[in-house]
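Step one of this worksheet: look at the structure below.
Quick note: the coordinates plus some simple rules give every number you see, no bench work behind them. What you are looking at is a predicted structure, and each value in this text was computed from that prediction instead of being measured. Glycine also receives a Cβ, built like all others from the backbone with ideal geometry; neighbour counts cover every protein chain displayed.
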Amino acid sequence: MSEPLTFVDTNVLVYAHDGSDPDKHDRATAFVRNLWAEKAGVISTQVLAELYSVLTRKVGIAPAAARRVVVLYAAWPIVQIDLPLLAAAMLRNEQDDVAWWDCLIVESALRAGAQRVASEDFQSGRTFDGVLEVMDPVAA
């Protein structure tokens, strides 16, 4: 596996399935396709729930089609949001300058053993706990 284990945030997956921004769509699609090939993608129950919500509410994809997309990504390793993860995210939220929902992403990525998190919501290049690096695969 040449790609490091990568936790993928909702926005990257949305861009891969929403063609309204062709450049970001193309970059996200290529990035996600590479993660599939390398078996390097990981997500959480939070990401799956957000993906369904955004695809149906904002992108306008029919619920059945959005469900098929979510089921597709359920083949990746999934981090379950449980009480210990919530507690870790709350502590991070109290100690770091990170938004609440992003704290759940960071803690999920750390639990999965990911080396990076793919998102446009964080500062690219930022690291967490010295082991998790943020990268933005849709940036120009």
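Write down the percent of antiparallel bridges among all DSSP beta bridges whose residues are both part of the chain, to the nearest 5.
Here the share of antiparallel DSSP bridges comes out near 15 percent.
Against the globular-protein guess of 2.2 N^0.38 Å, express the Cα radius of gyration of the range 6-135 as a ratio, rounded to two decimals.
On the way: Rg = 14.2 Å, N = 130, 2.2 N^0.38 = 14.0 Å.
The range 6-135 yields a ratio of 1.02.
With all pairs of different alpha carbon atoms counted, what Kirkwood hydrodynamic radius in Å does the range 1-64 show?
About 12.2 Å, per the Kirkwood formula over Cα pairs.
Would you please put 104-111, 80-87 in order of how densely packed they are, using the mean number of other Cβ atoms within 10 angstrom per residue and starting with the highest?
Values: 104-111: 24.6, 80-87: 12.4.
Result, highest mean first: 104-111, 80-87.
Could you work out how far helix 83-95 tilts from the main Cα principal axis of the chain, as a 0 to 90 degree angle to the nearest 10?
70 degrees
For 43, 78, which order do you get if you count the other beta carbons within 10 Å of each Cβ and list the fewest first? Intermediate values should be presented prior to the final figure.
On the way: 43 27, 78 17.
Taking fewest neighbouring Cβ atoms as first place, the list is 78, 43.
Expressed as a whole percent, how much of the Cα-Cα distance distribution for the range 67-140 exceeds 18 Å?
44 percent
Only Lys, Arg, Asp and Glu count, each charged at its Cβ (+1, +1, -1, -1), so figure out the dipole size of the chain about its Cα centre, rounded to 20 debye.
That gives the chain a dipole magnitude of about 580 debye.
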